[in-house]
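Below: the structure, in structure tokens.
The values are calculated or read from the model by the stated rules, or taken from the named source; none is laboratory data. Just so you know, these numbers come straight off a predicted model, no measurement behind them. So basically every Cβ, Gly included, is an ideal-geometry build from the backbone, and we count neighbours across all protein chains shown. Please note that ligands, DNA and RNA were not included when accessible areas were found on the heavy atoms of the full protein model with its side chains. Shrake-Rupley method; radii C 1.70, N 1.55, O 1.52, S 1.80 Å.
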Amino acid sequence: AQVRAALSVNRELVLLYWGIGREILQRQATEGWGSKVVERLAKDLRREFPDMKGLSRTNLLYMRAFSEAWPEEPIVQQVAGQLPWFHNCILLDKLKEREERLWYARAAVENG
């Protein structure tokens with residue numbers, strides 16, 4: 001029961017980060033790359049949620065990259081959402097090809 005609860009919380013966190021990343025991509029498309037969307041959002045989120053961790057500029061850039069790498073929500077829910085956030089970040093850093101990332105993500109989920 002504890003493992004299922006932890007996986008559920010993790011999945012929701014990954015989906016939240018994916019949604020924030022999508023919002024960043026949309027704002028950058030609308031406002032332009034040089035509009036400092038990430039910096040403003042990081043400042044706003046830290047002010048609004050001072051006790052919440054994971055809202056740094058660096059992590060917001062990972063959220064953006066994550067949403068760009070996985071534009072379809074079903075993939076995020078089925079595969080990436082089953083991995084801890086840090087593991088998703090490693091996949092983004094180490095693997096540039098989408099199919100390769102997907103293969104490793106699926107293998108990690110299947111093999112624990």
I need the phi-derived Karplus couplings for the range 71-84: 6.51 cos²θ - 1.76 cosθ + 1.60, θ = phi - 60°, integer Hz, Gly and Pro marked x. x, 9, 4, x, 5, 4, 5, 7, 10, 4, x, 8, 9, x
For the chain, with every protein chain kept in place, what is the accessible area per residue (1.4 Å probe, Å²)? 65
Label GLU48 and GLU68 with points 7 Å out from Cα along Cα→Cβ: what is the distance between them in nm? 2.3
When only C-alpha pairs under 8 Å and at least 6 residues apart count, what is the relative contact order of the range 50-112, in percent? 32
Rounded to a whole number, what % of the accessible area of the range 49-112 do carbon and sulfur atoms account for, probe 1.4 Å? 54
At a Cα cut-off below 23 Å, give the lysines reachable from LYS53, other chains included and same-chain residues fewer than 8 away excluded. LYS36, LYS43
Accessible surface ranking that places the most exposed of TYR104, TYR62, TYR17 first, with a 1.4 angstrom probe: TYR104, TYR62, TYR17
Would you mind checking the range 57-88 for residues with the amide N under 18 Å from a putative spin-label position 7 Å along Cα→C-beta of LYS36? 57-61
Sorted peptide list for 87-99, 46-58, criterion being average Cβ within 10 angstrom, highest first: 87-99, 46-58
Relative contact order of the chain (C-alpha contacts under 8 Å, at least 6 apart) in percent is 33
In nanometres, what is the gap between the two model label sites at ARG4 and GLN28, each 7 Å from Cα along Cα-to-Cβ? 3.9
Show that you can apply the helix-only estimate: for the chain, add -39,500 (n - 2.57) for every DSSP H stretch of four or more residues, divide by all residues, and state [θ] at 222 nm to the nearest 500. -24500 deg cm²/dmol
